[in-house]
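> Please find one structure pasted underneath; my questions will follow.
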Amino acid sequence: MTVTADPARRRVVEPAVATTRRLQGLAAIGWPADNLAGEMRVSPVTIRRLTAGQDCVTAHIAERARQLFEGLRDTPGPSEPTRRIAAARGYAPPETWDEADIADPRSQPRPARGRLNAVPTAAQPPASRRSARLPRPARAGGQHPLTAIPDGASLQLPCRDDPQDWFADTSDTEAIGRAKAGCRRCAIRRACLEHAIAHEKYGVWGGLDEDERAAELRRRRRAS
Ligand code: SF4
């Protein structure tokens, strides 16, 4: 699809509420950041930061996000892991927003009908049994931890509550430190890290930032 925006609005900054909700909505139906970044002609990091809840956005990027949202809102995306991560983080799918409300910070999404973002559910096991159900670490190309755990969408993941720390600017050491501390409390940290070493370029995953994961990947390649 063609996404355009007025270049004169590059320097106009506006609240990012609607843009964040649109990008979260597209993630909820399976559209990964890399695909959205390509369509909007911005970096995947920009998409991830906006999706995580950045405060402000330039008007021309907000307009591209609006056009993309309108073009894709009824089309399921290609990524089941993206859909599951979005469900775990509580992202509301596109159908739950009215255009009139989406930019209002006080508005809430309507209940979802669950058509495009359906995630298979399973009964939540008692907390004491959860660790026994965690998958062994996946090899490259393996499943995302949320895919591997049938009830992953209902786990209490620290990155669900305050996701912007997990995609903070790499110079923001306080936010990165908070994200790593959150990962250390996470029930699926090890499986998440194995997934991220193989599949995720940006942000904190499994307690390691992008440089640390790249270093770990190089170390494993040397050792193999
Ligand atoms: S290990 Fe960290 S990034 Fe992965 S699911 Fe847990 S809190 Fe989120």
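The values are calculated or read from the model by the stated rules, or taken from the named source; none is laboratory data. Everything numeric in this text was worked out from a predicted model, so none of it was measured. Glycine gets a Cβ as well: all are built from the backbone with ideal geometry, and neighbour counts include every protein chain shown.
> Restricted to the range 27-51, and to residues that are in a loop (DSSP other than H, G, I, E, B) and among the aliphatic types (A, V, I, L, M), which residue is farthest from the chain's Cα centre (by Cα)?
V42
> So, one more: If you take the residues in the range 187-209 that are more than 21 Å from D169 (Cα to Cα) and part of a helix (DSSP H, G or I), which one is farthest from the ligand (Cβ to nearest atom)?
Among those residues, the one meeting the criterion is A198.
> Going residue by residue through the range 63-82, is there one that turns out to be outside any helix (DSSP H, G or I) and closer than 17 Å to D165 by Cα?
No - not one qualifying residue is present in the range 63-82.
> Considering each of R184, R219, R178, R213 in turn, give the residue that is at pLDDT 90 or above, more than 14 Å from the ligand (Cβ to nearest atom) and of a type outside the set (S, T, Y).
Just one listed residue meets the conditions, R219.
> Being surrounded by fewer than 17 Cβ atoms within 10 Å (Cβ to Cβ), farther than 21 Å from P44 by Cβ and in contact (Cβ under 8 Å) with a residue 60 or more places away in the chain is the filter here; which residues of the range 73-97 pass it?
Passing the criteria: only G90.
> OK, next. Scan the range 125-144 and tell me whether some residue there is modelled with pLDDT of 65 or more, within 15 Å of the ligand (Cβ to nearest atom) and surrounded by 20 or more Cβ atoms within 10 Å (Cβ to Cβ).
Scanning the range 125-144 turns up no residue that is modelled with pLDDT of 65 or more, within 15 Å of the ligand (Cβ to nearest atom) and surrounded by 20 or more Cβ atoms within 10 Å (Cβ to Cβ).
> What about R49, is it under 24 Å from W205 (Cβ atoms), modelled with pLDDT under 90 and touching a Phe, Trp or Tyr at 6+ places or on another chain (Cβ under 6 Å)?
Yes: the conditions hold for R49.
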